[in-house]
Every structure is written in structure tokens, then in C-alpha cells.
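Chemist: Here it is: the structure, laid out below.
The values are calculated or read from the model by the stated rules, or taken from the named source; none is laboratory data. If you're wondering where the values come from, they're calculated on a predicted model, not measured in any experiment. Here the Cβ positions follow ideal geometry from the backbone for every residue, glycine too, while neighbour counts run over all protein chains shown. Protein only, heavy atoms only, side chains kept; ligands, DNA and RNA dropped before computing areas. Shrake-Rupley method; radii C 1.70, N 1.55, O 1.52, S 1.80 Å.
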Amino acid sequence: AQRVTQPEKLLSVFKGAPVELKCNYSYSGSPELFWYVQYSRQRLQLLLRHISRESIKGFTADLNKGETSFHLKKPFAQEEDSAMYYCALSGRGSYIPTFGRGTSLIVHP
Amino acid sequence: GAGVSQSPSNKVTEKGKDVELRCDPISGHTALYWYRQSLGQGLEFLIYFQGNSAPDKSGLPSDRFSAERTGGSVSTLTIQRTQQEDSAVYLCASSLGRGNGPDEQYFGPGTRLTVT
């Protein structure tokens with residue numbers, strides 16, 4: 001069985017501070033991992049996926065197979081980063097992702 | 001181009017009534033997903049359609065839930081004899097559906113269902 005855990009329901013930081021949203025997963029094979037974001041009054045959208053190794057809006061995420069983690073990081077948070085963030089996992093060859101419960105990020109001015 | 005659309009945006013219904021939720025995916029997307037988003041529960045997978053293949057219904061919580069996809073495009077999610085615990089936001093997503101694994105999903109705005 002595959003599982004995604006986002007231990008923090010809420011993360012509150014000040015503008016300019018570093019931010020790390022935690023994601024831990026449980027999966028026996030090679031996973032594909034994603035971060036999705038939902039800004040206020042907007043649709044859920046893909047932020048980044050680990051295979052692309054991109055930095056989107058200053059966010060990066062590294063897959064750590066030893067710690068089974070895929071934490072989302074940004075060195076300097078901006079107010080516009082305030083949103084709900086979901087980590088998701090798909091098993092190799094599976095089209096159906098498992099989502100975490102989400103972390104609400106609030107960036108204060 | 002047009003994204004995924006869903007209707008209605010809001011639905012209030014009485015316990016015991018049936019409801020139908022509609023999803024129009026992005027044209028050309030062969031894969032379509034339904035999810036349920038409850039407060040504090042994240043996204044719960046319900047059902048997955050891929051082209052003309054039989055759908056993966058493994059996420060449907062009970063036999064009161066069903067979905068169909070006509071002509072490989074529009075999909076409807078039906079909930080029969082609604083219960084208060086069915087209250088949630090129902091999200092639809094579509095993707096190209098090609099390749100050997102998941103590709104980017106494009107989400108609709110959701111339908112907020114309230115069962116009174």
C-alpha cells in the first residue's frame with residue numbers, strides 16, 4: 001500500500017524566512033512524487049514533480065529515498081506563496097496518485 | 001484554451017435525494033479522474049477513466065456512488081440517497097493519459113455539495 005504523510009496541517013512564517021513543507025511517503029517500489037498547490041479561490045494545480053527536477057516559483061523538492069521524503073523548500077518565502085500545498089505519490093506504472101492531507105502555508109508580511 | 005469545467009459549482013440537497021455532478025475535461029485528454037476533497041482529509045481518489053478502458057472504481061466509497069463517461073469526454077458522477085457525510089467538494093481532473101505513468105493533472109473548479 002502507498003501512503004503520503006504531511007505532518008503539518010498549518011505552517012506559518014514571515015516574509016523572507018525559509019520555508020520547508022514536509023512530505024513523507026510509504027511505498028515499496030520506485031515512486032513518482034508531485035507537489036500540487038491551491039491558491040485562494042483558484043484551482044488545484046501542479047507545482048512540480050520530482051522527475052523534472054525543476055525549480056518553480058523558487059520552490060525545489062528533492063526525493064530522498066533513504067528517508068522516504070520529498071520535502072518542498074523555498075529559501076525566502078513571499079506573501080503570494082500563501083496557499084494549500086498537497087504532496088502526491090504514484091507508484092511506478094500507476095496512473096492513480098495518492099494525496100496527502102495538505103499543509104496550509106501562511107506567509108505573514 | 002478552455003480548462004476543465006464542472007457544474008454545478010454549488011449544490012445543496014436534502015438527505016436521501018440523488019445528485020448528479022458533471023465534468024467537462026480538456027479536449028483531447030483521454031484520462032479523467034474524480035476526487036472528493038473534505039476539510040482536513042486531503043484529496044480522496046474516487047474513480048479513474050482512461051480512454052475506452054473499463055474504469056478503475058476502486059476509490060468509490062459505497063455502491064451509492066457511480067460514474068460514467070460518455071463518448072470518452074463528459075463525465076457524470078452520481079450519488080444516490082445522499083447522506084450528510086457526502087458533503088464535500090468534488091473535484092474532476094483530466095490529463096493527456098499517454099505514457100507509462102501519471103502525467104500532469106488539470107483540475108476543475110469543483111462542485112461543493114452540501115447535504116442537509
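Chemist: For chain A, what percent of Cα pairs sit more than 17 Å apart? Mind dumping the intermediate values first?
Modeler: Details: 2909 of 5886 pairs.
Result: 49 percent of Cα pairs exceed 17 Å.
Chemist: Let me ask something else about it. So if I place +1 on the C-beta of Lys and Arg and -1 on the C-beta of Asp and Glu, and nothing else carries charge, what would the dipole magnitude of the protein assembly as shown be about its Cα centre? I want it in debye, nearest 20. Display every interim value, and only then the final one.
Modeler: Values: 25 positive and 21 negative charges, 22 e Å.
Computed charge dipole of the protein assembly as shown: roughly 100 debye.
Chemist: Could you work out what % of the accessible surface of segment B:32-99 is carbon and sulfur, using a 1.4 angstrom probe and leaving DNA, RNA and ligands out of the count? Could you put the intermediate results ahead of the total?
Modeler: Numbers: 1380 of 2980 Å².
Reported share for carbon and sulfur atoms: 46 percent.
Chemist: Next question, about the same structure. When the accessible area of each residue in segment A:66-109 is compared between its chain alone and the complete protein assembly (1.4 Å probe; ligands, DNA and RNA ignored), which residues differ by at least 50 Å², being lower in the assembly?
Modeler: Buried on complex formation: A:95, A:96, A:99, A:101.
Chemist: Please turn the phi angles of segment B:105-115 into ³J(HN,Hα) values with the Karplus equation 6.51 cos²θ - 1.76 cosθ + 1.60 (θ = phi - 60°), one per residue in order, whole Hz, x for glycine and proline.
Modeler: After applying 6.51 cos²θ - 1.76 cosθ + 1.60, I find 9, 10, 9, x, x, x, 10, 8, 9, 10, 9 Hz.
Chemist: In the P(r) worked out for the protein assembly as shown, what percent of Cα pairs fall beyond 30 Å? All intermediate terms of the calculation are to be shown ahead of the outcome.
Modeler: Working: 6166 of 25200 pairs.
For the protein assembly as shown, the share of Cα pairs beyond 30 Å comes to 24 percent.
Chemist: Okay, next question. Using DSSP to define loop residues, name the GluC sites (Glu not before Pro) in segment B:1-94 whose beta-carbon has at most 11 other beta-carbon atoms within 10 Å.
Modeler: Values: sites: B:14, B:20, B:44, B:68, B:85; in loops: B:14.
Of the GluC sites (Glu not before Pro), the ones in loops of segment B:1-94 whose Cβ has at most 11 other Cβ atoms within 10 Å are B:14.
Chemist: Can you list residues from other chains, or at least 5 along the same chain, whose modelled amide H is less than 5 Å from the amide H of residue B:30?
Modeler: B:95, B:97
Chemist: In Å² (nearest 100), what accessible area is buried between B and A, both sides summed, heavy protein atoms only, 1.4 Å probe? Walk me through the intermediate numbers first.
Modeler: Details: alone 6400 and 6570 Å², together 11160 Å².
Using a 1.4 Å probe, the pair buries roughly 1800 Å².
Chemist: Within the accessible area of chain A, what % is carbon and sulfur when the probe is 1.4 Å and the other protein chains stay in place?
Modeler: On the way: 2770 of 5630 Å².
Carbon with sulfur: 49 percent of the solvent-accessible area.
Chemist: Rounded to two decimals, what is Rg over Rh for segment B:76-116 when you use alpha-carbon atoms and the Kirkwood radius? Don't jump to the answer; show the numbers that get you there.
Modeler: Values: Rg = 13.9 Å, Rh = 12.3 Å.
That ratio is 1.13, to two decimals.
Chemist: A further question on this structure: For residue A:73 and residue B:112, what is the calculated FRET efficiency with R₀ set at 30 Å and r taken between the beta-carbons, to the nearest 0.05? The partial results should precede the final answer.
Modeler: Values: r = 32 Å, r/R0 = 1.08.
Rounded to the nearest 0.05, the efficiency is 0.40.
Chemist: From the protein chains alone at 1.4 Å, what is the descending order of accessible area for A:41, A:53, B:69, largest first? The partial results should precede the final answer.
Modeler: Numbers: A:41 235, A:53 205, B:69 35 Å².
Listed by decreasing accessible area, they come as A:41, A:53, B:69.
Chemist: How long are the semi-axes of the ellipsoid equivalent to chain B, from square roots of 5 times the Cα gyration tensor eigenvalues, in whole Å, largest first?
Modeler: Numbers: eigenvalues 110, 40, 34 Å².
Ellipsoid half-lengths, sorted descending, are 23, 14, 13 Å.
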